[in-house]
Each structure stands twice: as structure tokens, then as C-alpha cells.
Amino acid sequence: MAAPLRGMFSGQPPGHPGDSRGQASLLQAAPGPLRASNSTLVDELESSFEAYFASLVSQDFVNGTDQEEIRTGVDQCIQKFLDIARQTECFFLQKILQLSVQKPEQVIKEDVSELRNELQRKDALVQKHLTKLRHWQQVLEDINGSLAYLEHAFANIPAPMKQT
């Protein structure tokens, strides 16, 4: 998962392609109690998700020997995954902030591109609704035409005579 992205976020500020000082792995994690020295946030995010998923499908969970212990283990896995996901989000937000400071025109280009895509999506949605509207208008016109024909047909039928 992380292999194609390893060189993209090297820990060096954008705009210094020749500088090899910051050629760390993708999202190199700060040393801490949960991290190995050469692991990355992406690696940890992936492994914490795998651990969470494994805890859900483990044989102990299926057999349900001790529900409280299983619940505690799953909760711990979820919490670890969420913590690492927050750290990963923080990393990307920092990179976006750096990019917006160093290359504000890039941020504006991305915003314009997103707005164009949103307009295209909404135009397509409007066209879809107009097509449905035309269809239902045609159905109503057909019904009104049938009703007018029936009204005309019933108007030509003589009224029943009263029997005396």
C-alpha cells in the first residue's frame, strides 16, 4: 500500500528536490512508545487495521468464550487505529498547510478544479432531473388526452330516460 507513495512525502519541505537530507520514509513517525524506529504512520495504520480486523474474525470472537475480554480487546484495537488515523490526518494537514504557504497558486488551482467538477456534477444531475420531468409531463399529457377523449365520448352518449 505504501510502496508507491514512499518518495512522495519525504519529510522535506516542498521545493527542495535536490536536498537529500529529508529522504525519510513516507510519514516517518516520531519516536514514541508505540513505534519501532523504522516504521511509518502508513505502516502502523495498516497494521492497526489488520489487528482490528483480525480481532473481529478471530476464533475467540466467533466462539465467544469471554465477551467482556473480547470487547475490551476490540475496543483497544479500534482506539489504536483511530489514534494512528488522527496522526496520519495531522501529517497530511501539515503538508497541505506547507503547500498553501509555499505555493498558494496551487491551492487556488485545486479549488477552481474542484468547483468545476462540482458544477459538472450538478449540471449532469439537473439534466437527469429534466429528463425525468419531461417523461412525467408526457405521461400526464397522455393521461389528460385520454381523459378528454373519454369526456367527449361520454358527452355524446344520450342520457338514460327516466321510466315512468
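The values are calculated or read from the model by the stated rules, or taken from the named source; none is laboratory data. Please read all numbers here as calculations on a predicted model, not as lab measurements. Every residue, glycine as well, gets a Cβ built from its backbone with ideal geometry; the counts of neighbours run over all protein chains shown. Keep in mind that these areas ignore ligands, DNA and RNA; they rest on the heavy atoms of the full protein, side chains included. Shrake-Rupley method; radii C 1.70, N 1.55, O 1.52, S 1.80 Å.
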Problem - Out of Val42, Val74, sole residue that is over 29 Å from Val101 (Cα atoms) and either in a helix (DSSP H, G or I) or modelled with pLDDT of 50 or more (or both) - result: Val74
Completion exercise
Ala153 meets each of (1) within 30 Å of Glu44 (Cβ to Cβ); (2) of a type in the set (A, V, I, L, M); (3) exposed (fewer than 10 other Cβ atoms within 10 Å of the Cβ) with one exception, condition (1)
Exercise for the section: Test Asp83 against the stated conditions and say whether it is acidic (Asp, Glu), within 23 Å of the chain's Cα centre (by Cα) and either over 30 Å from Leu45 (Cβ atoms) or open to solvent by 90 Å² or more (accessible area, probe 1.4 Å) (or both). Expected result: no
Problem - Looking only at the range 88-105, and only at residues there that are open to solvent by 70 Å² or more (accessible area, probe 1.4 Å) and β-branched (Val, Ile, Thr), the one that is nearest to the chain's Cα centre (by Cα) - result: Ile96
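Among the candidates Ala159, Ala124, which residue alone is open to solvent by less than 90 Å² (accessible area, probe 1.4 Å), assigned to a helix (DSSP H, G or I) and of a type in the set (Gly, Ala, Ser)? Please lay out each step first, then the result.
Numbers: Ala159 fails: assigned to a helix (DSSP H, G or I).
When all the criteria are applied, what remains is Ala124.
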Practice task
Within the range 112-148, track down each residue that is charged (D, E, K, R) and at pLDDT below 95.
Solution key: Glu141, Asp142
Practice task
For the range 106-114, indicate whether the set of residues that are open to solvent by 100 Å² or more (accessible area, probe 1.4 Å) and of a type in the set (Val, Ile, Thr) is non-empty.
Solution key: yes
